[in-house]
Amino acid sequence: MSLYVKNDNSLEQAETVTRECPHCGASAQLIPVSTPAYAALMESRPRHAGICFRCAACNEPRFARVAVRSFGPDRIELSSNIVDIERPKERFQFGYLPANVERLFREALDCYTADLFMAFAVMCRRTVQAARADIHVRMQVQDLFNEAVALSEVDAQTGAVLETLLFGAAEPELAPAAEEAAALIEIIKDVLYQRYVRDAKLKAAVRMRRYFAGETTQKITPIGVKNRG
């Protein structure tokens, strides 16, 4: 569905737009509060226009860019593909990571959110180097990477590019393409999850199960044994 700026400066919107808010984290409706003027668009005829929305959950402003499709005597058609200027931050269970790995990985995710793919690749590489230096974890980072690449079914060329970015002899000189960066962020998330989060969660779950099993066993009187209370 397209958006339309009508000649009375109103915005015609066939469907509501819902996005994850970078401020409150809620998946909430975007309510338009400031739209471009019809006369200004007709005069300048830009390729893109800007719209200010309001998050229905927290009322914070959300700025977006949309492509202009066509100019008409009654209304101007805008693309329904609304591009967020401020995107939600990438999430991860950082509390399970060692402090040095967490610091590097947080910065890597911030670079990805800002579309700084060269910086993102370099920070991913440094994150991997910090994880590889951790002697308290049994599984090797590169083994986890190879497993994640196989499971994700990325093509061989992309897998080779990502391996070079993370484990090559020298730091990357060229930024990964958007598609390569998109694959890299999910793969490195999986690597860190398998190396740190899964291990810690499994150990905690087993300890909790054994604790409650022990508590239950102590309160059960075996068959044939009289209670001497």
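The values are calculated or read from the model by the stated rules, or taken from the named source; none is laboratory data. As the structure is a computational prediction, the values presented were derived from the model and not from experiment. For neighbour counting, all protein chains shown are included, and Cβ atoms are generated from backbone atoms with ideal geometry for every residue, glycine included. All accessible areas refer to the heavy atoms of the entire protein, side chains included, with ligands and DNA or RNA removed. Shrake-Rupley method; radii C 1.70, N 1.55, O 1.52, S 1.80 Å.
Annotation: His48 fulfils all but one of (1) open to solvent by less than 50 Å² (accessible area, probe 1.4 Å); (2) under 30 Å from Leu174 (Cα atoms); the unmet one is (1). When you scan region 71-124, how many residues do you find that are out of contact with any Lys or Arg (no Cβ under 6 Å at 6 or more places or on another chain), among the hydrophobic types (A, V, I, L, M, F, W, C) and assigned to a helix (DSSP H, G or I)? Matching residues across region 71-124 total 15.
Kindly evaluate Val33 against the criterion of being open to solvent by 50 Å² or more (accessible area, probe 1.4 Å), among the aliphatic types (A, V, I, L, M) and in a strand (DSSP E or B). Step through it out loud before you land on a result.
Working: open to solvent by 50 Å² or more (accessible area, probe 1.4 Å): yes; among the aliphatic types (A, V, I, L, M): yes; in a strand (DSSP E or B): yes.
It is true that Val33 is open to solvent by 50 Å² or more (accessible area, probe 1.4 Å), among the aliphatic types (A, V, I, L, M) and in a strand (DSSP E or B).
Filter region 53-112 down to the residues that are of a type in the set (Ser, Thr, Tyr) and open to solvent by less than 70 Å² (accessible area, probe 1.4 Å), then identify the one that is nearest to Gln129 (Cα to Cα).
Within region 53-112, the first condition is being of a type in the set (Ser, Thr, Tyr), and the residues that meet it are 70, 79-80, 96, 112.
The next check asks that each one be open to solvent by less than 70 Å² (accessible area, probe 1.4 Å); those that pass are 70, 79-80, 112.
Values: Ser70: 50, Ser79: 43, Ser80: 42, Tyr112: 19 Å.
Here the residue is Tyr112.
If you scan region 135-149, which residues turn out to be under 12 Å from Asp199 (Cβ atoms) and either at pLDDT 75 or above or not in a loop (DSSP other than H, G, I, E, B) (or both)? Residue satisfying the conditions is Leu144 alone.
Kindly indicate whether any position in region 140-150 is over 22 Å from Ala99 (Cβ atoms), open to solvent by 20 Å² or more (accessible area, probe 1.4 Å), touching a residue at least 24 places away in the same chain (Cβ under 8 Å) and among the polar types (S, T, N, Q). Yes: region 140-150 contains one or more residues that are over 22 Å from Ala99 (Cβ atoms), open to solvent by 20 Å² or more (accessible area, probe 1.4 Å), touching a residue at least 24 places away in the same chain (Cβ under 8 Å) and among the polar types (S, T, N, Q).
To keep it simple, each residue is scored yes or no on (1) among the acidic types (Asp, Glu); (2) at negative phi; (3) out of contact with any Phe, Trp or Tyr (no Cβ under 8 Å at 6 or more places or on another chain).
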position	(1), (2), (3)
Thr35	no, yes, yes
Tyr38	no, yes, yes
Met42	no, yes, no
Ile51	no, yes, no
Arg54	no, yes, yes
Arg62	no, yes, no
Pro88	no, yes, yes
Arg103	no, yes, yes
Glu107	yes, yes, yes
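Taking (1) closer than 20 Å to Gly159 by Cβ; (2) charged (D, E, K, R); (3) under 16 Å from the mean Cα position of the chain (by Cα) in turn, Arg132 satisfies each apart from (3). Residue count for region 1-30 satisfying the condition of being in a strand (DSSP E or B), of a type outside the set (D, E, K, R) and in contact with a helix residue (DSSP H, G or I) (Cβ under 7 Å, 6 or more places away or on another chain): 1. Taking interchain pairs and intrachain pairs at least six residues apart, which have beta carbon atoms under 7 angstrom, with the first residue in region 152-178 and farther than 14 Å from Ala119 by Cα and the second of a type outside the set (Phe, Trp, Tyr) and open to solvent by 60 Å² or more (accessible area, probe 1.4 Å)? The qualifying pairs are Ser152/Glu186. Residues that are out of contact with any helix residue (DSSP H, G or I) (no Cβ under 7 Å at 6 or more places or on another chain) and hydrophobic (A, V, I, L, M, F, W, C) were ranked within region 113-125; the one that is surrounded by the most Cβ atoms within 10 Å (Cβ to Cβ) is Val122.
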